[in-house]
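To keep things clear, I will list the structure first and then write my remarks on it.
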Amino acid sequence: MRNWSRVTAHRIGQFRAVGVLAGLLIGSGSILASCSKPPQPAAEVPSPSPSPAIVLPSLSPSATPSANPTSNLQTYREKSKGLFQISFPKGYSHKTTPSGVAFVSADQGFAGAVDFSSAEGKQLTTQQLETALKTEFTNRLQSVSWQNAQVQADGSLRLDWTGKDKNGSNLDAVSIVEQRGSYIFVLNLFGVNKPYQNYNNDAETIVNNYKIQPAGSAQPSPAASPKP
C-alpha cells in the first residue's frame, strides 16, 4: 500500500465520515421497526434514465469489461473470513476499516468503500435495505438528492444520488447494497467535487472486480456481484 499523505488520509477520513456502515443497517430503528411490520407495497422505481447533468455508468451484466489489465490493478481481500475482494487501479490508496475497506484515487477526486456486517439472523427485503440506506445518508449528509433506484439481475439494489457532506464537498455517487446469506454488503463509489462520469473507467474496473464471498471463502455467494 502506498504511503499516506496528509491529504489522502484526510480524504479517506472525510469519506468514511459520510459512508454507510453496513452495521448501521442492522442497528437502525427504521430497519428493526420495519421487520416487525407487514410488508408494504414496493414503491414505484424511478426510470433508470440518467440525469441530464450526470451520466453514470450502466451496471448491465452485458457491459464490456474494463480493458485495464490485471497487472495494473491492486486487489484487497477481506482479512477475517475472505468475505469479499475488490480491485482498483494502481495509484489508489486504500485502508482497512473495522467493517471493510476504504479507498481513494491519487488525485483525491474519486473514493469508495466496501462495508459489511452480520444480518443477525434476519432476512431483509430490498425495500428495507433501501429505506435504511436512505435514512442513514440523510442523517449523515448536509444534503442528498436521490435519482435512480434499480434492482440488478443478481438481486442487489443500485441507488444513484448526489449530495453534499458536512464539510461542504459535493458527492456524485452510486451505492450498491445487498444481503448475501448471513451478511449485508454495501459498496459506495463517490466522485468528490468532480463528476462521477470523469471516473467511469475506474468505476467499471472496480465494480467488475468486486466479488462477494469469492472462491475459497467459507461461504460461497448465491449470486454473482453486479457488473457495470
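The values are calculated or read from the model by the stated rules, or taken from the named source; none is laboratory data. All values reported here derive from a predicted model rather than from experimental measurement. For neighbour counting, all protein chains shown are included, and Cβ atoms are generated from backbone atoms with ideal geometry for every residue, glycine included.
A few comments on the model shown:
- Contact map, the stretch 190-204: first residue assigned to a helix (DSSP H, G or I) and at pLDDT 95 or above, second residue crowded, with 22+ Cβ neighbours inside 10 Å and among the β-branched types (Val, Ile, Thr), Cβ cut-off under 8 Å, separation 6 or more or different chains; pairs are TYR196/VAL174; ALA203/VAL174.
- When ALA215 is tested against (1) under 29 Å from GLN74 (Cα atoms); (2) modelled with pLDDT under 95; (3) part of a strand (DSSP E or B), just one condition goes unmet, and that condition is (3).
- The stretch 142-174: number of residues that are crowded, with 22+ Cβ neighbours inside 10 Å, of a type in the set (Gly, Ala, Ser) and assigned to a strand (DSSP E or B): 1
- Residue that is surrounded by the fewest Cβ atoms within 10 Å (Cβ to Cβ), among those in the stretch 95-107 that are within 18 Å of ASN201 (Cα to Cα) and under 16 Å from the mean Cα position of the chain (by Cα): SER105
- The residues in the stretch 80-127 that are closer than 21 Å to SER156 by Cα, in a strand (DSSP E or B) and not hydrophobic (A, V, I, L, M, F, W, C) can be counted, and the count is 7.
- Residue in the stretch 128-140 that is surrounded by fewer than 22 Cβ atoms within 10 Å (Cβ to Cβ) and in a loop (DSSP other than H, G, I, E, B) present: no
- Condition check for LEU171: in contact (Cβ under 8 Å) with a residue 12 or more places away in the chain and within 29 Å of GLY82 (Cα to Cα): no
- Residue count for the stretch 175-187, restricted to those that are within 15 Å of SER117 (Cα to Cα), polar (S, T, N, Q) and not in a loop (DSSP other than H, G, I, E, B): 1
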